[in-house]
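The values are calculated or read from the model by the stated rules, or taken from the named source; none is laboratory data. On a predicted model such as this, the values are computed, not experimentally measured, just so you know. A quick note on method: Cβ atoms are made from the backbone with ideal geometry, for glycine too, and the neighbour counts reach across all protein chains shown. We work out accessible area using only protein heavy atoms, side chains counted, and drop any ligands, DNA or RNA first. Shrake-Rupley method; radii C 1.70, N 1.55, O 1.52, S 1.80 Å.
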Amino acid sequence: MPTQFYQEQRIPLKTIFREKEFWILILLGILYFYRPLFLRETFFFRDLYLNILPQKQLLVDFIHARELPLWNPYWHGGQPYLADIPYFTLYPSNLLYLFLPVLRAFNLNIVFHFIGCSVSAYLFARVIGLRPVSSLIVGVVYEFCGYTLSLATHGCRLLAMPYLPLLLVFWHLFLFERRRRWFLTAVIVGVLQVFSGASEMNVISFLVVLGWTVVYCYPQRGIPHKIMLWMLLGLFCLGIASVQVFPTLEMVLQSPRERGLDYATFSQWSLHPGQLLEFFFPGLLGQVNSLPLDIYYWGGNLVHDGNPYIPSLYFGGVVLVLAMIGGISRCSNRVFPGQVRHFLL
């Protein structure tokens, strides 16, 4: 995209925040999750009630006892609490537990991050030049696709999801405008994603940002210079987040996982080809929210222990076909040049 086109299309963030489509996304999120927000219900599936909620209750106990959350005496006979990154102990939303009942804070934390997914995707779409209606569709797909909704069952992975579009937003602004505030904001976003506790999402996000940096037509002095800026971003993020990263690494080195995983363990949750049709047909392999699973989820023979790691892969045929067409299209487009389309595909 030429610099002149970017300057013509650049929309201030304050203007985006006032757009009705932006607020429609927030309203959709509130309406979709009205039961945990207003009817005293809560999320409970799998890791939530087995792990995440009990650890948040323990965090509240630490706070009331005025103790630092350093050690969990109840898990596996005792193990580090702060160093166990999936507890996301340093993540800012834990402040909710200071002022609200545990279940209320627990619900709000999950719902806020779902809404954050749609809002951050909308911001990214608008910043790169898409129209409000198109950006609204982007936000709806990013929040309400089966994959994102499924991440509620994994706690920290949902928390990491809003930061991928946000990282792209501020990195995109920095590479075009070269203002320090955008670089600083991108660093803060990257650090928050590290604190969310989903390490694989950090890797995916920074690889996506690297690819976007290389293929997009920014007014820089060549690819090596852009890669150096990307490395600088990573160093700042890791440096600030080292207060979480180093204890976690030390814990891993003292655990059996330090010796690595065999192939069977590493691949046990891999996606079976038979699950791919779920991209187009929701609930094709059965329901995971009814027990017993061996009756209601007839795709159990395709997944480890009869229980899918991601309960739903649904995106919808229309979305996938449009994405495929957009990726292979050769038409001239200043928002998405050809090399960007191919990278995204």
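Taken over the range 112-130, the criterion of being within 13 Å of the chain's Cα centre (by Cα) and open to solvent by less than 40 Å² (accessible area, probe 1.4 Å) is satisfied by HIS113, PHE114, ILE115, GLY116, CYS117, SER118, VAL119, SER120, ALA121.
Return yes or no: is VAL203 open to solvent by 30 Å² or more (accessible area, probe 1.4 Å), in a helix (DSSP H, G or I) and farther than 20 Å from VAL340 by Cβ? So VAL203 fits the description; yes. The single condition from (1) closer than 14 Å to ILE26 by Cα; (2) surrounded by 23 or more Cβ atoms within 10 Å (Cβ to Cβ); (3) not aliphatic (A, V, I, L, M) that PRO165 fails is (1). Which of (1) among the hydrophobic types (A, V, I, L, M, F, W, C); (2) at pLDDT 90 or above; (3) within 22 Å of the chain's Cα centre (by Cα) does VAL318 not meet, given it meets every other one? So VAL318 meets the others, but not (3). All of VAL245, VAL252 fail the test of being buried (at least 16 other Cβ atoms within 10 Å of the Cβ) and either within 28 Å of THR89 (Cβ to Cβ) or modelled with pLDDT of 90 or more (or both), apart from VAL245. Within the range 268-277, is there a residue that is assigned to a loop (DSSP other than H, G, I, E, B) and under 30 Å from PHE174 (Cα atoms)? No: zero hits. Within the range 106-120, does at least one residue satisfy the condition of being among the hydroxyl-bearing types (Ser, Thr, Tyr) and more than 24 Å from LEU166 (Cα to Cα)? Within the range 106-120 (the criterion being among the hydroxyl-bearing types (Ser, Thr, Tyr) and more than 24 Å from LEU166 (Cα to Cα)), the answer is no, since none of the residues qualifies. Here ASP61 clears all of (1) open to solvent by 40 Å² or more (accessible area, probe 1.4 Å); (2) in contact (Cβ under 8 Å) with a residue 60 or more places away in the chain; (3) of a type outside the set (Lys, Arg) except the condition numbered (2). Residues in the range 131-162 that are among the β-branched types (Val, Ile, Thr) and under 10 Å from the mean Cα position of the chain (by Cα): THR148 only.
Could you look through the range 64-83, keep only residues that are in contact (Cβ under 8 Å) with a residue 40 or more places away in the chain and in a loop (DSSP other than H, G, I, E, B), and pick out the one that is nearest to VAL245 (Cα to Cα)? Looking at the filtered set, the residue picked out is ALA83.
Would you confirm whether any residue within the range 132-148 is over 28 Å from TYR34 (Cβ atoms), assigned to a loop (DSSP other than H, G, I, E, B) and either out of contact with any Cys (no Cβ under 9 Å at 6 or more places or on another chain) or of a type in the set (A, V, I, L, M, F, W, C) (or both)? No, the conditions are met nowhere in the range 132-148. The residue that is modelled with the lowest pLDDT, among those in the range 217-227 that are surrounded by 12 or more Cβ atoms within 10 Å (Cβ to Cβ) and out of contact with any helix residue (DSSP H, G or I) (no Cβ under 6 Å at 6 or more places or on another chain), is CYS217. Scanning the range 211-230 for residues being assigned to a helix (DSSP H, G or I), over 14 Å from GLN339 (Cβ atoms) and of a type outside the set (Phe, Trp, Tyr) gives a total of 5.
Does SER118 satisfy the criteria of being part of a helix (DSSP H, G or I) and farther than 13 Å from GLY29 by Cα? Judged against the criteria, SER118 is not a match. The residue of the range 168-182 that is farthest from the chain's Cα centre (by Cα), among those that are buried (at least 19 other Cβ atoms within 10 Å of the Cβ) and farther than 21 Å from TYR91 by Cβ, is PHE176. Residues in the range 25-51 that are open to solvent by less than 40 Å² (accessible area, probe 1.4 Å), over 18 Å from LEU291 (Cα atoms) and either in contact with a Pro (Cβ under 7 Å, 6 or more places away or on another chain) or part of a helix (DSSP H, G or I) (or both): LEU25, ILE26, GLY29, PRO36, LEU37, ASN51. If you check LEU291 against the conditions, is it surrounded by 16 or more Cβ atoms within 10 Å (Cβ to Cβ) and either at pLDDT below 90 or part of a loop (DSSP other than H, G, I, E, B) (or both)? Here the answer is no, as LEU291 does not meet what is asked.
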